[in-house]
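Note sheet for the following structure.
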Amino acid sequence: MLRLHNTLTRQKEEFRPLDPKNVRMYVCGPTVYDRIHIGNARPIVVFDVLFRLLRRQYGAAQVKYVRNITDIDDKINNRAKERGVAIGALTAETTRWFHEDIAELGCLPPSVEPTATGTIAEIKAMIETLVEKGYAYEAQGHVLFHVPAMMERPPLPQHVYGLLSRKNRDDLIAGARVDVAPYKKDPADFVLWKPSTPDLPGWDSPWGRGRPGWHIECSAMARTHLGETFDIHAGGLDLVFPHHENEIAQSECCNGRPFVRYWLHNGFIERGGEKMAKSVGNIDKVRDLLDEFPGEALRLLLLKTHYRSPLEFTKEGLREAKADLDYFYRALARVANVEAEQGVEPAGALEALNDDLNTAVALASLHYNSGLALKEDDPAKVRAAKAIIAAEGALLGLLQSSPDAWFRWQPPKSPAAIDEKKIAELIDLRLAARNAKNFKEADRIRTELAQQGVILEDGPTGTTWRRAS
Ligand SMILES: [Zn+2]
């Protein structure tokens, strides 16, 4: 039984999908104007584990995971101007970078990855309905959601504005900017549509040429692909207010139905005791870290802390994660030729993940079973351990490469990079020398490779190599 912490109730609740044959989840994706940093990667990785868990529980074909690309935003427009590139070229390039980065973090692609620019008709339809129902109004080319209208006339009993973030009227007014735009009827009102000047992206609409606000993009993409009510909506803690609160307001007032049943939010990544953020200037971009560490070490680091807790990011932590993976892969190497036991359940990791995605405890189980694979002599226990490691690794999205590939990994931009083709040639030359009983030459080749950090291992099936650690 899966239990998840629901931000709506601030409690762990048993997860029961509306339809077990169609389990639906939405995660807010990136705004594509720059490389993602490790803080942006955290929700993508932790909710990838949830996706894997749901697929295991309900069947891969029964789970629909939607993660959007926000490709309309003022940050995008400004960056394109700074760099002197077309907006479409910037968003296409940044989207490609995002896909490359998260693939190296071992994330499965979502079932659907909609874009805001591909959902304009649906966005406009929702705004029109909100205006018709009296929850939104037009002012100076803008369309605004009117928060007091929802307060006075909740779309569902008790579904007033502020339900998710637990903000009251005073908080909302205090939170609104000091200089409230003059066209707003109420300081808490927020933008659904805004006018575009000719140099900015824009679409024709009943309110003139313009572009959507960020919140309505997600409401429309979610409704288009998951329906009016769905199971899980997730994202970073900083999205609770205003983004997710506003998504609920728009969707429920438009549809007249409950929007989302379980809201999940991951904690912040911190660096030097402060939240990692571009505005603070303490970010580590994923690509820069991938130049130094394998993506799997980044993934493991993100999973060693429970997703709701803050995570203090350090390079030392990444080195430890890499050392943990060395241990797991050494265990896999030792049992490489052992036949895995059939029908073994990854019970330890499953129990931990079913308890609100407790990845830290699931990893402890993976450690324990790797220890068995490394040290145990009883063949039955080793066969069971091998099966459990494989199943737990699949659930966590870890250990998906071979021990050989893991131990050969080298930083892509390292000046001391080892040429794999060259190594293969030298191994062949050494074999030829040995066959010719020229042991002096064979030893010389072994020494030459060792000086480059390459360790040869002669086994019954031939010679393999790994990097010296
Ligand atoms: Zn969103």
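The values are calculated or read from the model by the stated rules, or taken from the named source; none is laboratory data. On a predicted model such as this, the values are computed, not experimentally measured, just so you know. Glycine also receives a Cβ, built like all others from the backbone with ideal geometry; neighbour counts cover every protein chain displayed. The protein model used for the area step is the full one, side chains on, heavy atoms only, and it has no ligands, DNA or RNA in it. Shrake-Rupley method; radii C 1.70, N 1.55, O 1.52, S 1.80 Å.
Odds and ends about this structure:
Residue by residue, here is whether (1) part of a loop (DSSP other than H, G, I, E, B); (2) closer than 30 Å to Lys133 by Cβ; (3) in contact (Cβ under 8 Å) with a residue 12 or more places away in the chain holds:
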| position | (1), (2), (3) |
| --- | --- |
| His265 | no, yes, yes |
| Ala277 | yes, no, yes |
| Gly281 | yes, no, no |
| Arg287 | no, no, yes |
| Phe293 | yes, no, yes |
| Glu296 | no, no, yes |
| Tyr307 | yes, no, yes |
| Ala321 | no, no, yes |
| Phe328 | no, no, yes |
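- For Arg287: the one exception among (1) surrounded by fewer than 16 Cβ atoms within 10 Å (Cβ to Cβ); (2) among the basic types (Lys, Arg); (3) more than 15 Å from the chain's Cα centre (by Cα): (3)
- Residues that are free of Cβ contacts under 8 Å to residues at least 40 places away in the same chain and over 20 Å from Lys194 (Cβ atoms) within the stretch 59-87 comprise Gly59, Ala60, Ala61, Glu82, Arg83, Gly84, Val85, Ala86, listed in sequence order.
- Filter result for Cys218 (more than 23 Å from the chain's Cα centre (by Cα), open to solvent by less than 20 Å² (accessible area, probe 1.4 Å) and at pLDDT 95 or above): no
- Which listed residue, of Leu431, Leu395, Leu399, is without any contact (Cβ under 8 Å) to a residue 60 or more places away in the chain and not β-branched (Val, Ile, Thr): Leu431
- Pairs, first more than 12 Å from Ile388 (Cβ to Cβ) in the stretch 359-374, second in a helix (DSSP H, G or I) and β-branched (Val, Ile, Thr), C-beta under 7 Å, six or more apart: Thr359/Val49
- Residue in the stretch 257-264 that is crowded, with 22+ Cβ neighbours inside 10 Å and within 24 Å of Trp193 (Cβ to Cβ) present: yes
- Any hit, the stretch 229-249, residues being open to solvent by 10 Å² or more (accessible area, probe 1.4 Å) and more than 14 Å from the ligand (Cβ to nearest atom): yes
- For first residues located in the stretch 24-38 and away from the ligand (no atom under 16 Å from the Cβ), partners that are assigned to a strand (DSSP E or B) and open to solvent by 20 Å² or more (accessible area, probe 1.4 Å) and lie 6+ apart or on another chain with Cβ distances below 7 Å form the pairs Arg35/Lys285; His37/Lys285.
- Tally of residues being part of a helix (DSSP H, G or I) and of a type in the set (Phe, Trp, Tyr) across the stretch 206-257: 2
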